[in-house]
1. Computed FRET efficiency, Cβ-Cβ of Cys54 and Cys17, R0 22 Å: what is it to the nearest 0.05?
2. Give, in nm to one decimal, the length gained when the segment between Phe4 and Gln32 is fully stretched (0.36 nm per residue of separation minus the Cα-Cα distance).
3. Leaving out ligands, DNA and RNA, and with a 1.4 Å probe, what % of the accessible surface on the range 1-55 is carbon or sulfur?
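The values are calculated or read from the model by the stated rules, or taken from the named source; none is laboratory data. Here the structure is a predicted model, which is why all the values come from computation and not from measurement. Backbone-built Cβ (ideal geometry, glycine too); neighbour counts: all protein chains shown. Remember, those area values only see protein heavy atoms, side chains included, never the ligands or the DNA or RNA. Shrake-Rupley method; radii C 1.70, N 1.55, O 1.52, S 1.80 Å.
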Amino acid sequence: MDDFQLTTIIAKAIGTCAIEHQGDALTISSEQATCVAKVIITALAQTGMAIAPCKTAADPD
């Protein structure tokens, strides 16, 4: 998984949250969601953390 894919996944989750909570004054554009996703990834990287795909039983070794 590259940074673009990870950013896209996080931004989509942020956008979904905004859609689900429209009545709660949580409005965010896709560009803003992407920006937030990049900041999250950067913050994780700066602390030595990373997000990686989980291995499943179907994944080859």
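1. On the way: r = 22 Å, r/R0 = 0.99.
That gives a FRET efficiency of 0.50.
2. Length gained, Phe4 through Gln32: 8.6 nm.
3. On the range 1-55, the fraction of accessible area on carbon and sulfur atoms equals 63 percent.
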